[in-house]
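The structure appears right after this line, and notes come after that.
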Amino acid sequence: MKFGHEFQEFLNREEYSESWRKAAVPYSQLKKCLKSIQRELRELGLDPETLHQLLATQTSSSEPFAKYKIEETTSLRPKLTVLVDIEDGVAVDASLSPASRAVLRSLAARRSSTGTAPPDSAIPARQTSDALPDQVPAAPRDSAALVKSSDRRLDRIEVPLSFDGEFFDLLRRDFDNMDELQKDQEGAMSNDIAALGGMLSELTKPSSLLSKSDLTRWREIFELYVDAQVFFATQERDHGARDSEKALERLVWFQNQIEKRGLRDKFKLPQSQEAYDKFLILNRDLVRYLKFQEYNRVAVQKILKKFDKRTALGVSRTFPKAIQARGIMTESMAKNVCAEMSQQLVSTVPRIDDYTCPVCLSLAWLPVRLKCRHVFCVRCVIKLQRERKRHCPLCREDVVMQADLDNLDHDLTKFLEKYFRKEAKEKQTANEIERGIELFGPNYKHNSCVLM
Ligand SMILES: [Zn+2]
Ligand SMILES: [Zn+2]
């Protein structure tokens, strides 16, 4: 299937809204425009082969015989220039067809009779301001564009094309629309995230009544979500941003895990289900946007490739440079939205991984903060002291033996009690059992020995 059709079908199938469809790359319009450029060039005798030769050949002072530049000022201005011999008006050293020679000769002739042509001239051949290596100082008016090569006086003239300007303006306008769409989309998602964040902090507020909080359920959900690495991979092997297909695959994995564990049904508060569904919709929206962006990026690549194939002007390389860092070409939106999701949603629920003791790898309960500021559970510090290990296991500072009751971190204790009640209780019991076995031998029975 031709890409133009495929692209159209994609836009129809995914049921993107009107504003998205309007921002989509106007592929068929660009294709039409490209046909006009081709016709223009053909009329000037500049078929792809001739152009390729002119672009690839250089004078003895490394000046390419033809240049095609796209510059972005207030608008995009592409410019094709060709070096011609001032005497006979023929583009230098390229084996041109008689038609091309005739056209270039007449361009050069008009040019030399009018000097620098006014912008509204029928042939808008303009003096270029390129500073050339071998300037000829003798001819003041034309000096900037003169090149001396093997005793020939060469002049750079502009080939008057109009449809390429139209082509790149179309593309640029579309990039602007796409930027606008991205801004709107990002803003809307930001608002949704903020609203959901407010909801979540209510739903996960630590409460003495367990039935009043879904803290533990949400913790499990977000732990799974972080593991899923939906939009960005942190592992070495496939580090970085994911494409929409992979992102969708990871999102489906996440949803399956939630389903398997029945987490959505386990919520105690009905609003939690609503919040969870909103969270999923946010993620799906971002996947959808990524896919839209990918398709459009491919459309741009395809049309530029087509452009090059039909003109040899090398725009696949030069156009992205001229247009620079537009939204369509970057992953900035996925990055921003993901950062917001993790700051405002995932981190409303503290993760146990951030509060584990680096020695025993379970919750740092009761937390002892050594003089070096590193935190361990009280049990591990006692063991270190018993073994006369004086150095902090993390920074090797000689601080372990100085620790006493004053090193208990009371604020952190309160925090852990609030957010990790279940885990703290488990750890407490495990400590008591360990202590009991140390004192009374392996037959020690803890009075609430249900955990081990
Ligand atoms: Zn520990
Ligand atoms: Zn330390």
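A few remarks follow.
- There is at least one residue in segment 268-281 that is closer than 30 Å to Leu412 by Cα, polar (S, T, N, Q) and either surrounded by fewer than 16 Cβ atoms within 10 Å (Cβ to Cβ) or more than 16 Å from ligand 1 (Cβ to nearest atom) (or both).
- Of everything in segment 368-384 that is under 42 Å from the mean Cα position of the chain (by Cα) and near ligand 1 (Cβ under 8 Å from one of its atoms), the residue that is surrounded by the most Cβ atoms within 10 Å (Cβ to Cβ) is Phe376.
- Set side by side, the residues Ala364, Ala299, Ala312 differ, and just one is buried (at least 21 other Cβ atoms within 10 Å of the Cβ), within 16 Å of ligand 1 (Cβ to nearest atom) and touching a residue at least 24 places away in the same chain (Cβ under 8 Å), which is Ala364.
- Checked against the criterion of being assigned by TED's automatic domain parsing to the domain that holds Glu294, modelled with pLDDT under 85, over 11 Å from the mean Cα position of the chain (by Cα) and not in a helix (DSSP H, G or I), segment 331-344 has no qualifying residue.
- Enumeration of residues in segment 39-68 that are under 13 Å from Arg156 (Cβ atoms) and in a helix (DSSP H, G or I): Leu54
- Residues of segment 71-102 classified as assigned to a strand (DSSP E or B), within 26 Å of Pro320 (Cβ to Cβ) and modelled with pLDDT under 85, total: 5
- Filtering Glu397, Glu426, Glu417, Glu434 for residues that are surrounded by fewer than 16 Cβ atoms within 10 Å (Cβ to Cβ), outside the structural domain of Lys205 (by TED's automatic domain parsing), under 17 Å from Ser362 (Cβ atoms) and under 45 Å from the mean Cα position of the chain (by Cα) leaves a single hit, Glu417.
The values are calculated or read from the model by the stated rules, or taken from the named source; none is laboratory data. Everything numeric in this text was worked out from a predicted model, so none of it was measured. In this analysis, Cβ positions are derived from the backbone assuming ideal geometry, glycine residues included, and neighbour counts consider all displayed protein chains.
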